[in-house]
Each structure stands twice: as structure tokens, then as C-alpha cells.
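Have a look at the structure below before the remarks.
The values are calculated or read from the model by the stated rules, or taken from the named source; none is laboratory data. Keep in mind that what you see is a predicted model, and the values were worked out from it rather than measured. Please note: Cβ atoms are built from the backbone with ideal geometry, for glycine as well, and neighbour counts cover all protein chains shown. We work out accessible area using only protein heavy atoms, side chains counted, and drop any ligands, DNA or RNA first. Shrake-Rupley method; radii C 1.70, N 1.55, O 1.52, S 1.80 Å.
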Amino acid sequence: MMKRFFTAVLGAGLLLSPLPAFAAADAVYTNWRDNVAAEGYDVVTFFSGKPQQGKVEFSTRYEGADWFFFSQANKDLFLTNPDLFAPQYGGYCAWATAKGKLAPGSPDHWHVEDGRLFFNYNARIERRWQKKRAKFIKEADKRWPVLKAD
């Protein structure tokens, strides 16, 4: 509940920096208006380099969020191993996670590396992320379990 309030404030542009981690993160970031992961994108399609919006008729629930897929085949593939296809850090901004904070991740600012999907908040943050990706991934991997549990 607390995350959804702060996400709404952040989405309204009233906060300009990532949120400090003082409340437990939902396992998967969703917009405050709905419960849809990855803004409705089919997360399987990111791995082909051509992200596509999912369709409600090919949806499933995972980690408390609704996930949409472009096709039944993609939904079935996701269900074989959701952790393989779901964005890292629950779809929160990877750069912010590396800094020990929570901020919304955007499928418009994505990167696949070593079979892992990462989202970042915006283009400026994505550029920062790209400069020291390996360092940020290492930091975010350490910090995400704490952010998720707090």
C-alpha cells in the first residue's frame, strides 16, 4: 500500500529522485492504477530484442501481479520458468536498486544481459546504468533481497 502511494506521487512528478527503502517492496512493481507487471509488455519478447505488448487473453498471475503475453506460446514458455523471464528486481529500476533505493522501472528503458532482463526509470538513468553496468548489477544483486524484505 505504501509503495503504491509513493509510486503515485513519483508518477505525478512530485518526487524526482528514487525512494529511500523504508517500506517493503511489492515482489513485482506494478502501476498504482492496476496490477499489471511490465506495463503489459510480454516479457518473453524482450529476449528476442523486439518487445511487444501482451494481450489480456494470454494472461497469468505470478508473484501477485498480472502478466500479459503476446501469444499462448509465450505464456506457456514463461510458465515453464517465470524467474528466467521476469525482469530483475521485480521490475523496479535496476540503477536505483543498485543504490539501495526503489523507483519504478520502465519497459521503455530495458537491457538484456547474460539472460537477465533489466528495467530502468528513464533514459538519463539508463545512460548512467550503461556506463557501469557490471558494477551496478553486482550492487543491485546484493541490495535487492534487503529492499524486498524491509
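For K138, the lysines whose Cα comes closer than 17 Å to its Cα, not counting residues fewer than 8 places off in the same chain, are K99, K101, K148.
The 3J(HN,Hα) values that the Karplus relation (6.51, -1.76, 1.60; θ = phi - 60°) gives for region 88-94 are, in residue order, 4, 6, x, x, 6, 4, 5 Hz. Gly and Pro appear as x. If the segment from Y62 to D141 were pulled out straight at 0.36 nm per residue, it would be longer than the present Cα-Cα gap by 26.4 nm.
Reachable aspartates and glutamates from K132, Cα under 16 Å, same-chain residues fewer than 8 places away excluded? Within the straight-line limit of under 16 Å, K132 reaches these aspartates and glutamates: E113, D114, D141. Taking 15 Å as the cut-off, the amide N atoms of region 38-65 that come nearer than this to a point 7 Å along the Cα-to-beta-carbon line of D76 belong to 58-59. Each residue, A134 and N122, gets one label point 7 Å from its Cα in the Cβ direction; the gap between the two is 3.0 nm. Under 5 Å from the amide H of Y41 lie the amide H atoms of G54, each residue being 5 or more positions distant or on a separate chain, with H modelled from the backbone and absent for Pro and chain starts. Here the Karplus curve 6.51 cos²θ - 1.76 cosθ + 1.60, taken at θ = phi - 60°, turns the phi angles of region 64-73 into couplings of x, 10, 8, 10, 10, 10, 5, 8, 4, 4 Hz, with x standing for Gly and Pro. Rounded to the nearest percent, how much of the accessible area of region 97-150 (1.4 Å probe, protein heavy atoms only) is carbon and sulfur? The value for region 97-150 is 50 percent carbon and sulfur by accessible area.
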